[in-house]
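In what follows, a single structure is set out as structure tokens and then discussed.
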Amino acid sequence: SAVTLLLLAATVGLALALGLLPRAPVNRFCATSNNRTGFLCDDSVTCVPASQVCDRVSHCRNGEDEQEKLCGDLPHSLPGYLVFRCSNPTHWVYADRRCNGMNDCGDCSDE
């Protein structure tokens, strides 16, 4: 019945609000003003260039670009879209450093 369905929806909503159910991951991908890969802040407006994420300077109003869960184990803790893996598997660069005219990887694999 409609009452049962409303009760079920309210229960799921409360469980989500309390963190009892896993939430779908938030898509944080964005493109900066110069069309480079970026990280979208909680305000859904501010797009931080990939290379400014986890740089110990908060660029998002609430500091979400510097949170431990994002920056705790670089580069493994970063979403894949923020990272470019160099030919040498021990090296990586931020995605916005790829194809920027500079040899950031040391072996030109990012160019």
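The values are calculated or read from the model by the stated rules, or taken from the named source; none is laboratory data. What you are looking at is a predicted structure, and each value in this text was computed from that prediction instead of being measured. Because the Cβ atoms are built from the backbone with ideal geometry, glycine has one as well, and the counts that use them run over all protein chains shown. Accessible surface is based on the protein model in full, side chains and every heavy atom, while ligands, DNA and RNA are left aside. Shrake-Rupley method; radii C 1.70, N 1.55, O 1.52, S 1.80 Å.
Observations
- Taken as a whole, the structure places residue 42 among residues that are open to solvent by 70 Å² or more (accessible area, probe 1.4 Å), in contact with a Lys or Arg (Cβ under 9 Å, 6 or more places away or on another chain) and charged (D, E, K, R).
- Total residues in region 70-108, condition within 19 Å of residue 47 (Cα to Cα) and open to solvent by 70 Å² or more (accessible area, probe 1.4 Å): 2
- Scanning region 75-93 for residues that are hydroxyl-bearing (Ser, Thr, Tyr) and either under 17 Å from residue 27 (Cα atoms) or in contact (Cβ under 8 Å) with a residue 40 or more places away in the chain (or both) gives 77, 81.
- Answer residue from region 45-69, given it is open to solvent by 60 Å² or more (accessible area, probe 1.4 Å) and in contact (Cβ under 8 Å) with a residue 12 or more places away in the chain and is nearest to residue 32 (Cα to Cα) among those: 52
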